[in-house]
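J.: Input: one structure, supplied below.
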Amino acid sequence: MPPSAFQRKNLLEVEREHWRPPVYREPRGFFAGIRNFFYRFLDLQAGTILRDLSALLPRVKGDVLDVGCGLQPYRRLFSQNARYHGIDIAESKARFGFEAPDTLYYRGRVWPTRTRSIDFILCTETLEHVDEPLVFLREAFRVLKPGGQLLLTVPFEARWHFVPYDYWRYTPSGLNHLLRRAGFEGIRIYARGNELTVAAYKMMAFLFILWVPVSPGFIAKFLWRTLALMGLPLLVLAGIVANLSAWKDGTVDCLGYTVLAGKPRSKP
């Protein structure tokens, strides 16, 4: 079959996306808080994750391991009863642009954490970037104490991001299969958003793409950005619909999933 059979770009030739959205950072000061408010309004993935974690993380006690912690945006949600530890891969800065001074960086597949030493594992928007997810989840099982808990989030309706290090989109069935194979029990999977949320969010994404066109020419960029400005009222309306609808449960379509799982207190 000739290489140009479909007259379309071979996506394996794409080395990275032409634009990356800003990452969620811990707010420091009044203006940073306002910036993050608008960021969460526009980026429903980050907004719905923060909503779920804000309800759960303040209750956590004991030794906490934030795996794939990036810039540690959710560290502030833990109470003083939690002892926070962040780890990430040594390639984090090169691949994703994340680097934090008190993060423990490691290479390979074995986490630099003692077996059965952690009470709670947090893992947000990381599993889709792991090329061997079952190995990763077995490491989580290894380091947890008996009775320890894992909380992870994954996207479902999300753009291909951090190209080429974005490998998977998980269904509830797939997450349940992997977690059970890793040894976890008491698995609970919750949708973030629903079909209406996804439709409004996709409209927001399309309108925003007009503001950062791929076209190299000045005239083309000017025209696309003019259309983006004309669509600003629609962007705001779609954002309101997306944020309000995100409180209702989803079923077969959603922005992503928040997952809870536990390690048995005694080995079967």
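The values are calculated or read from the model by the stated rules, or taken from the named source; none is laboratory data. Keep in mind it's a predicted model, so treat the numbers as computed, not measured. Glycine also receives a Cβ, built like all others from the backbone with ideal geometry; neighbour counts cover every protein chain displayed.
J.: Pull up the stretch 50-70, narrow it to residues that are of a type in the set (G, A, S) and in contact (Cβ under 8 Å) with a residue 12 or more places away in the chain, then point me to the one that is farthest from F162 (Cα to Cα). Please lay out each step first, then the result.
T.: Taking the stretch 50-70 first, the residues of a type in the set (G, A, S) are 54-55, 62, 68, 70.
With in contact (Cβ under 8 Å) with a residue 12 or more places away in the chain added as a condition, the list becomes 54, 62, 68, 70.
Details: S54: 26, G62: 33, G68: 14, G70: 13 Å.
Looking at residues that are of a type in the set (G, A, S) and in contact (Cβ under 8 Å) with a residue 12 or more places away in the chain, I get G62.
J.: Of V154, V252, V241, which residue is under 16 Å from the mean Cα position of the chain (by Cα) and either surrounded by fewer than 19 Cβ atoms within 10 Å (Cβ to Cβ) or not acidic (D, E) (or both)?
T.: Numbers: V252 fails: under 16 Å from the mean Cα position of the chain (by Cα); V241 fails: under 16 Å from the mean Cα position of the chain (by Cα).
Of V154, V252, V241, the one residue that is under 16 Å from the mean Cα position of the chain (by Cα) and either surrounded by fewer than 19 Cβ atoms within 10 Å (Cβ to Cβ) or not acidic (D, E) (or both) is V154.
J.: Only one of these is in contact (Cβ under 8 Å) with a residue 40 or more places away in the chain, surrounded by 13 or more Cβ atoms within 10 Å (Cβ to Cβ) and either within 22 Å of the chain's Cα centre (by Cα) or outside any loop (DSSP other than H, G, I, E, B) (or both): E99, E128. Name it. Spell out how you get there, then give the answer.
T.: Details: E99 fails: in contact (Cβ under 8 Å) with a residue 40 or more places away in the chain.
Step by step, each of E99, E128 is checked, and only E128 is in contact (Cβ under 8 Å) with a residue 40 or more places away in the chain, surrounded by 13 or more Cβ atoms within 10 Å (Cβ to Cβ) and either within 22 Å of the chain's Cα centre (by Cα) or outside any loop (DSSP other than H, G, I, E, B) (or both).
J.: May I pose another question? Does any residue in the stretch 133-150 that is free of Cβ contacts under 8 Å to residues at least 40 places away in the same chain come within less than 8 Å, Cβ to Cβ, of a residue that is of a type in the set (S, T, Y) six or more places away or on a different chain, and which pairs are these?
T.: From the stretch 133-150, the pairs are R142/T115.
J.: Could you go through the stretch 79-91 and let me know if any residue there is in contact (Cβ under 8 Å) with a residue 24 or more places away in the chain and within 18 Å of the chain's Cα centre (by Cα).
T.: At the first step, the residues of the stretch 79-91 found to be in contact (Cβ under 8 Å) with a residue 24 or more places away in the chain are 82, 85, 87.
Among the residues that remain, those that are also within 18 Å of the chain's Cα centre (by Cα) are: 87.
Yes; the residues of the stretch 79-91 include at least one that is in contact (Cβ under 8 Å) with a residue 24 or more places away in the chain and within 18 Å of the chain's Cα centre (by Cα).
J.: Among the numbered criteria (1) at pLDDT below 95; (2) outside any helix (DSSP H, G or I); (3) among the aromatic types (F, W, Y), which single criterion is violated by F222?
T.: Every condition holds for F222 apart from (2).
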